[in-house]
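Take a look at the structure below.
The values are calculated or read from the model by the stated rules, or taken from the named source; none is laboratory data. No experiment lies behind these values; they were computed from the predicted model shown. FYI the Cβ positions are ideal-geometry reconstructions off the backbone, even for glycines, and counts take in every protein chain you see. Side chains are part of the model used for accessible areas, which takes the heavy atoms of the whole protein and leaves out ligands, DNA and RNA. Shrake-Rupley method; radii C 1.70, N 1.55, O 1.52, S 1.80 Å.
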Amino acid sequence: MGKLDDKSIEQMRRRLVARESTASIAADFGVSTVTVRKIRRRLVDGTPLQGQRGDKNGRSKLTYKVVKSIKDQVSSGSTTQAALAKKFNVSRSLISRICKGERWSKSDADINSVHFLKMDLRNHRPERGSLEENELVDTVFTYYRMKGYPYRTFLPHRVGHALKALAAGPSVIEGRRLKLSSRGLKLANAFHPHMDSVRCRNTRTPVEVFGDDNLLRKSILKHIRYGHHLTPQGIRYAVYHYGGAQWASNFRPAVVRSLVELLGGKRVLDPCMGFGGRLLGTISAGRDYVGIDPAKRTVDGNQRMVRTIHQAGIETPPVLLLQECAEDILGRGHFGRFDLAITSPPYFNVEIYDASPSQSSARYPEFGPWLNYFLKPLIAKTSADLKLYGYMALNIARNLLPYVRDVGVKIGLREVTVFDYELYVRQVKQLKQGRTRSEPLILMERLR
């Protein structure tokens, strides 16, 4: 196929804006209607045009889904290349070249990825219900089907910048309000890809919504109409907001840093470690940290985060991470005394973080025993490992606040205050109206 100059492409775009048919434009310039559609979607910019590749080519006998199946079957040894060539009516040499990565190595979505990954929908939003909108949905859907779920990533050279921004940021404490701040949150989340598979309140997880073709298409379409960018972060946002998914949140590092600096002390205990938000906030404040969690994936993720920070040439205070049940090992002074304990215990079975039997809701599947044999001992034993006049800060469900107060009084804790720990709201309308949701974070002091 020939080359179109910039002037011709600009003329074609003007005629497209004037809503002339793609067929008439193609006939006038001697190109295919496919080329005209590509120009509408800004996939062509005066560069040599290529024919359709992969399963977009009407003469192709294969699809990218079939190619993936071929590679999987050959790699597993479940069949031979000759048998696959016969099954799909292609040459054996083609099967061989596919397995070597010489053919069908990149999808059409890979070729066009730059087009939509850099698109600012606020400036180039397709007309609702138009062919351009439908084609964009198909392109984005195919791309992410090939790439898989867009798990969070964090570039190693950005680690130092993220920690510096977290350490230098202003306090988020405003009276009894713990304000929203995402400083350091992306860094902590990047080491816990499994957090998008955590089931919350019996709803679909983000990974489950992504795996459903209809829900993913719906999410992409709505994001194209109302969102800003089609980046991996944008697709995660779309799955959450438009696909009906619910994901587990991480404790915000900026809140921990502000509390640690307010309360002072040198050593911090976190008996329900979670996804590393409190770990990152503590070490950014220069305090020693001991974290405990029964979930292996969670502990492994936090260990990877600490290693990555060290590999970036950043020194941290001493960090000790333990894969244990906190209610079993605390209360005996094995890890010394702490100035502050800060944590967010699981809310019974609201969020299922792991399928292992060590999870508190698996050990105590009834709410009454869970209170008596998990939450109460956790508070009492954590308090026992605090220094006299040390502090305990618990982020807890609102309905559990009276129970925590009662337990605290019985074991010698004095309530200092209850902070409003602000949460992100899901509905865009509420966010624009300035509405917020919050959970209590009760601060208590050990008196005996």
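The lone criterion from (1) open to solvent by 50 Å² or more (accessible area, probe 1.4 Å); (2) not in a helix (DSSP H, G or I) left unmet by residue 394 is number (1). Whenever a residue of segment 184-213 is assigned to a loop (DSSP other than H, G, I, E, B), its partners that are β-branched (Val, Ile, Thr) and loosely packed, with under 15 Cβ neighbours inside 10 Å, lying with C-beta atoms within less than 8 angstrom and at least six residues away or across chains, give the pairs 190/153; 201/350. Does residue 448 count as surrounded by fewer than 12 Cβ atoms within 10 Å (Cβ to Cβ), touching a residue at least 40 places away in the same chain (Cβ under 8 Å) and under 29 Å from the mean Cα position of the chain (by Cα)? When the stated conditions are applied, residue 448 does not pass them.
Of all the numbered requirements in (1) open to solvent by less than 20 Å² (accessible area, probe 1.4 Å); (2) more than 30 Å from residue 204 (Cβ to Cβ), residue 345 misses one, and that requirement is (2). Of the residues 401, 340, the single one that is assigned to a strand (DSSP E or B), in contact with a strand residue (DSSP E or B) (Cβ under 8 Å, 6 or more places away or on another chain) and at pLDDT 90 or above is 340.
List the number of the failed condition for residue 146; all other conditions in (1) assigned to a helix (DSSP H, G or I); (2) open to solvent by 30 Å² or more (accessible area, probe 1.4 Å); (3) over 30 Å from residue 64 (Cβ atoms) hold. The number of the failed condition is (3). Every condition in (1) within 24 Å of residue 175 (Cα to Cα); (2) charged (D, E, K, R); (3) touching a helix residue (DSSP H, G or I) at 6+ places or on another chain (Cβ under 8 Å); (4) open to solvent by 20 Å² or more (accessible area, probe 1.4 Å) holds for residue 261 except the one numbered (3). Among the conditions (1) over 30 Å from residue 126 (Cα atoms); (2) in contact with a Ser or Thr (Cβ under 8 Å, 6 or more places away or on another chain), residue 245 misses just one, which is (1).
Could you check how many residues of segment 307-331 are part of a loop (DSSP other than H, G, I, E, B) and in contact (Cβ under 8 Å) with a residue 40 or more places away in the chain?
Step one: filter segment 307-331 for residues part of a loop (DSSP other than H, G, I, E, B), giving 312-318, 324-325, 330-331.
Add one more test, that the residue is in contact (Cβ under 8 Å) with a residue 40 or more places away in the chain, and what stays is 312-314, 330-331.
The total comes to 5.
Please verify whether segment 284-306 includes one or more residues that are open to solvent by less than 50 Å² (accessible area, probe 1.4 Å), assigned to a helix (DSSP H, G or I), under 21 Å from residue 392 (Cα atoms) and among the small types (Gly, Ala, Ser). Yes - at least one qualifying residue is present in segment 284-306.
Please go through segment 355-376 and pick out each residue that is more than 17 Å from residue 344 (Cβ to Cβ) and either among the aromatic types (Phe, Trp, Tyr) or surrounded by 15 or more Cβ atoms within 10 Å (Cβ to Cβ) (or both). The answer is 358, 363, 364, 367, 373. Counting only residues that are open to solvent by less than 70 Å² (accessible area, probe 1.4 Å), in a loop (DSSP other than H, G, I, E, B), in contact with a helix residue (DSSP H, G or I) (Cβ under 9 Å, 6 or more places away or on another chain) and at pLDDT 85 or above, segment 80-129 holds 4 of them.
Would you be able to say whether some residue in segment 176-189 is surrounded by fewer than 18 Cβ atoms within 10 Å (Cβ to Cβ) and touching a Ser or Thr at 6+ places or on another chain (Cβ under 7 Å)? Looking for residues that are surrounded by fewer than 18 Cβ atoms within 10 Å (Cβ to Cβ) and touching a Ser or Thr at 6+ places or on another chain (Cβ under 7 Å), one finds at least one in segment 176-189, hence yes.
Look at residue 165 and say whether it is out of contact with any helix residue (DSSP H, G or I) (no Cβ under 8 Å at 6 or more places or on another chain), of a type in the set (A, V, I, L, M) and closer than 22 Å to residue 423 by Cα. Against the criterion (out of contact with any helix residue (DSSP H, G or I) (no Cβ under 8 Å at 6 or more places or on another chain), of a type in the set (A, V, I, L, M) and closer than 22 Å to residue 423 by Cα), residue 165 qualifies. Of the set (1) under 16 Å from residue 187 (Cβ atoms); (2) loosely packed, with under 15 Cβ neighbours inside 10 Å, all apply to residue 312 but (2).
When you check residue 209 against the structure, is it open to solvent by less than 60 Å² (accessible area, probe 1.4 Å) and over 30 Å from residue 416 (Cα atoms), yes or no? Write out each step before concluding.
Working: open to solvent by less than 60 Å² (accessible area, probe 1.4 Å): yes; over 30 Å from residue 416 (Cα atoms): yes.
It is true that residue 209 is open to solvent by less than 60 Å² (accessible area, probe 1.4 Å) and over 30 Å from residue 416 (Cα atoms).
The single condition among (1) in contact with a Leu (Cβ under 8 Å, 6 or more places away or on another chain); (2) surrounded by 24 or more Cβ atoms within 10 Å (Cβ to Cβ); (3) more than 29 Å from residue 201 (Cβ to Cβ); (4) hydrophobic (A, V, I, L, M, F, W, C) that residue 319 does not meet is (2). Checked across segment 232-253, the condition of being in a helix (DSSP H, G or I) and among the basic types (Lys, Arg) holds for at least one residue. Look at segment 192-206 and say how many of its residues are open to solvent by 20 Å² or more (accessible area, probe 1.4 Å) and touching a Phe, Trp or Tyr at 6+ places or on another chain (Cβ under 8 Å). So the count comes out to 1.
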